[in-house]
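The next block holds one structure in the form of C-alpha cells; read it before the comments.
The values are calculated or read from the model by the stated rules, or taken from the named source; none is laboratory data. Keep in mind that this is a model prediction, so the values were computed, not measured. As a convention, Cβ positions derive from the backbone with ideal geometry for all residues, glycine included, and neighbour counts pool all protein chains shown. Just so you know, the surface numbers come from the protein's heavy atoms only, side chains and all, with ligands and any DNA or RNA stripped out. Shrake-Rupley method; radii C 1.70, N 1.55, O 1.52, S 1.80 Å.
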Amino acid sequence: MFQQHRIRAPDARKTHSFGVTRRDRDTTYPHRLNFYTVPPTEEITLDEFEQWAIDRLRVLGEIESCTFRNKTPEEFESTMKPLLEKYLPLSANTSASLSDAKYHAAQLERKKDHYSHFILRLAFARSDELRMRFSRAETALFRLRYSTDDTKERQAFISSLNFAWETVAEDEKRSLTEQLLPTVGKALFEQESFFKVDWERVPDLVDQRRVLIKRGKAYVPTSLQLSLVLAEFTKSLDKAMELTARALPRLDEDDRLVPILNHLSLGFTAPEYNSSIAAGDNFLTGAPLTAETIDSLVPHFPLCMLNLHSTLRRTNHLLHFSRLQYGLFLKGLGLSVDEALIFWRRGFAKISDDEFSKKYKYNVRHTYGLEGARKNYKPLSCQQILIEKAPGPGETHGCPYRHFSLDNLIATLQSPLMPHKVANMEVLHGVKQDVENKRYHIACNRVFEYVHAKELKKSAEGDLPGSVAGPGGKLRETIVHPNQYFELSWELTHPGARAARDGGGDVGGVVGAKEEP
C-alpha cells in the first residue's frame, strides 16, 4: 500500500469498501459539486491522507456546531464561507477556465474534496451515531455548496446524475391547474415545470405543504429541485455508509491506517486548533509574557484553566496532569521556559527550592522539549482534554463542563469569585441542556458569548477591528481550544492587539497593565 511514504486509495473494484456500484478511471472533475459515487484510485502521501481529512473535519465540526447553536441560514453561510475558503475551497468552472494554472488549481481543490470525503467516510462508518452525524453534516455542506453554485454549472451537474424523475406532461399540468397553483402561485405557474416522484422522497416539502400529493406521487416544481437533490444525496450516502461499515473488519487488518482513522473518528468531539503564539514569542501586545503578569490575565481564561489557576493559588500545588494541562496552556500563551520555572516555583510556595528542583523542575523543562525525548509538546486541545486522562479523586484537570457534576458546574458559574459571574438564567439553562446532550464545547462557547456580549455586538456592527462576530453578535467560528478562547477574549477586549503584535504597532499598554475604565 505504501510506496516511498505514499498511500494508494482503496481500489474502486472493491466496491464494498466505499459502497459504490461503478468505477471511473477519469481523474478529472468536470463539476464543482460531487455525489461521491466513485471512489478515489490514485496514490496520495500519508501526510495528505491525514491533513486533507483534518481540514474537512474542521468544516464538518463547525457545521454541526452551527446546528447546535441554532444559527439562521444567513448566519450559517456567513460562518462557513471563510472556513470553506481556508480549508475546502472549490472554484467554479468559470474561474478555472481562465488559465491552465487556475484549471489545475481547481482540479486539485476538487481532488482534495473528493479524497477527504472518502477518508472520513471510513472514519465515521464505525457506529450508527457517527454515520448519522456524518451524513447530516455532509448533507448540510452539499446544500450550502449547491445554493452558492453557478446556475448553469449546477444544472449541468444535475443532468449528469440521470435521476429517474418523471416529468409532468403539459396536458397533465393543465388538468391539475387548480391543484398545482397553490404550490407556485399564479404569477409563476405558466413558466414553471414539474417533476413527479414518490412522496416519501420529499418529506420536508410534504411537511410544508409545498407540493401536490396524488396517488402516492408528489408533484414538485422545478424551483424546489433542491429538496429532491438533497434527498437523493442523503439516500446515496446513507446506503454507501452502511456498505462501508460492513467492510471495516477487513480494513482493521491494516495497522498503519487504523490509528489515523480512530483519531479522526473522535474529531466530532471538538475539532483541533493551532495557536498562533509560540512559546517564548512576544505576547499579543508585543510585550513578553512574564510570571508576574499571569494573574492579570485570568479574566480571559476559559473555565478549565481558571479552575486550575484558582486551585494552584488556593493550595499551592497541582498534581501531574493538572500541571501538564495548565503548563502547556501557559506555554501556548507565550510563556518562556525561564518564566515558567519562576511561575511554578512561586506557585509551589510551601516547598523548598531544593524540593522544587528535585521534583518539578525537570517536568517543566520536559514540556518545553529541553529534557528526555526533547519533544516540543503543544497545548492540549478541547478534544484531548475531553477524551484523555479523566480526572480522578483529588485531581483538578479536565473539562469542567464534562467532569464537574451539573450542580457543581452551575454553582461555579454563578459564584461571585468568578471573574465574570454568569447571572443570566437563560444562559445557565442552555449550558445545562448542552451538558446533558454532551455538547461540552458548545456550553463553553455559550458562556464566552455571554461574557463578551458587548464586545461581540460591537464586532458584528463593525465598531471593532477584525471579524470575530457574525450577525446577531454570535461567534463566527466555534471555540475548540483553550488558547483560542484566551486569544479571542483578549482581542475582543483589546482591539487591534493582533495587528499590533504582527505589525509592531501600539495598542496602548503592556501585558498586565491596568485597563482604563
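Filter region 378-396 down to the residues that are over 21 Å from Thr315 (Cβ atoms) and surrounded by 15 or more Cβ atoms within 10 Å (Cβ to Cβ) and list them by number.
Of all residues in region 378-396, those over 21 Å from Thr315 (Cβ atoms) come to 378-384, 386-388.
If the condition is that a residue be over 21 Å from Thr315 (Cβ atoms) and surrounded by 15 or more Cβ atoms within 10 Å (Cβ to Cβ), then Lys378, Pro379, Leu380, Ser381, Cys382, Gln383, Gln384, Leu386 are the ones that fit.
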Which one of the conditions (1) open to solvent by 20 Å² or more (accessible area, probe 1.4 Å); (2) in a helix (DSSP H, G or I); (3) at pLDDT below 85; (4) not polar (S, T, N, Q) does Asp11 fail to meet, given that it meets all the rest?
(2)
Output the residues belonging to region 210-242 that are over 18 Å from Phe163 (Cα atoms) and in contact (Cβ under 8 Å) with a residue 12 or more places away in the chain.
Arg210, Val211, Leu212, Ile213, Lys214, Gly216, Met241, Glu242
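Considering only region 372-387, how many residues are of a type outside the set (D, E, K, R) and in a loop (DSSP other than H, G, I, E, B)? Give the steps one after another, and end with the answer.
Of all residues in region 372-387, those of a type outside the set (D, E, K, R) come to 372-373, 376-377, 379-387.
From what is left, the residues that are in a loop (DSSP other than H, G, I, E, B) are 372-373, 376-377, 379-381.
Counting residues in region 372-387 that are of a type outside the set (D, E, K, R) and in a loop (DSSP other than H, G, I, E, B) gives 7.
State whether one or more residues within region 17-24 are among the polar types (S, T, N, Q), at pLDDT 90 or above and surrounded by fewer than 17 Cβ atoms within 10 Å (Cβ to Cβ). Let's see the steps before the verdict.
Step one: of region 17-24, the residues among the polar types (S, T, N, Q) are 17, 21.
Keeping just the survivors that are at pLDDT 90 or above gives none.
Scanning region 17-24 turns up no residue that is among the polar types (S, T, N, Q), at pLDDT 90 or above and surrounded by fewer than 17 Cβ atoms within 10 Å (Cβ to Cβ).
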All positions within region 320-364 that are open to solvent by 70 Å² or more (accessible area, probe 1.4 Å) and among the basic types (Lys, Arg)
Arg346, Lys350, Lys358, Lys359, Lys361
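Under 27 Å from Ile387 (Cα atoms), open to solvent by less than 60 Å² (accessible area, probe 1.4 Å) and either modelled with pLDDT under 95 or touching a His at 6+ places or on another chain (Cβ under 8 Å) (or both): does that describe Ala287? Give the steps one after another, and end with the answer.
Details: under 27 Å from Ile387 (Cα atoms): no; open to solvent by less than 60 Å² (accessible area, probe 1.4 Å): yes; either modelled with pLDDT under 95 or touching a His at 6+ places or on another chain (Cβ under 8 Å) (or both): yes.
In short, no.
Which of the residues that make up region 122-135 are assigned to a helix (DSSP H, G or I) and open to solvent by 10 Å² or more (accessible area, probe 1.4 Å)?
As a first pass, look at region 122-135 and keep what is assigned to a helix (DSSP H, G or I): 122-123, 128-135.
Selection gives Leu122, Asp128, Glu129, Leu130, Arg131, Met132, Arg133.
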Output the qualifying pairs, or none if there are none: Cβ atoms under 6 angstrom, residues six or more apart or on different chains, first residue in region 102-121 and closer than 16 Å to Pro30 by Cβ and open to solvent by less than 10 Å² (accessible area, probe 1.4 Å), second residue modelled with pLDDT of 95 or more and not in a helix (DSSP H, G or I).
Asp113/Leu88
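For region 397-409, name all the residues that are outside any helix (DSSP H, G or I) and open to solvent by 30 Å² or more (accessible area, probe 1.4 Å). Spell out the reasoning first.
So the first thing to find is which residues in region 397-409 are outside any helix (DSSP H, G or I), and the list is 397-399, 404-405.
Those that are outside any helix (DSSP H, G or I) and open to solvent by 30 Å² or more (accessible area, probe 1.4 Å): Phe404, Ser405.
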Being open to solvent by less than 30 Å² (accessible area, probe 1.4 Å) and out of contact with any Ser or Thr (no Cβ under 9 Å at 6 or more places or on another chain) is the filter; apply it to region 186-228 and report the residue that is farthest from Thr151 (Cα to Cα).
Ala218
Which residues, taken from region 411-431, are open to solvent by 90 Å² or more (accessible area, probe 1.4 Å) and either acidic (Asp, Glu) or over 27 Å from Arg313 (Cα atoms) (or both)?
Met425, Glu426, His429
Suppose we filter Leu417, Leu456, Leu464 for residues that are assigned to a helix (DSSP H, G or I) and either modelled with pLDDT under 95 or over 19 Å from the mean Cα position of the chain (by Cα) (or both); which single one remains?
Leu456
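Residue by residue through region 342-371, note down the ones that are outside any loop (DSSP other than H, G, I, E, B) and either in contact (Cβ under 8 Å) with a residue 24 or more places away in the chain or on the phi > 0 side of the Ramachandran plot (or both). Give the derivation first.
First, pick out the residues of region 342-371 that are outside any loop (DSSP other than H, G, I, E, B): 342-347, 353-367.
Once the filter is applied, which keeps residues that are outside any loop (DSSP other than H, G, I, E, B) and either in contact (Cβ under 8 Å) with a residue 24 or more places away in the chain or on the phi > 0 side of the Ramachandran plot (or both), region 342-371 yields Ile342, Phe343, Arg346, Gly347, Tyr360, Asn363, Val364, Arg365, Thr367.
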Please give the number of the condition Ala240 fails out of (1) loosely packed, with under 14 Cβ neighbours inside 10 Å; (2) modelled with pLDDT of 90 or more; (3) closer than 25 Å to Arg58 by Cα; (4) not aromatic (Phe, Trp, Tyr).
(1)
Across region 38-64, the tally of residues that are part of a strand (DSSP E or B) and open to solvent by 30 Å² or more (accessible area, probe 1.4 Å) stands at 2
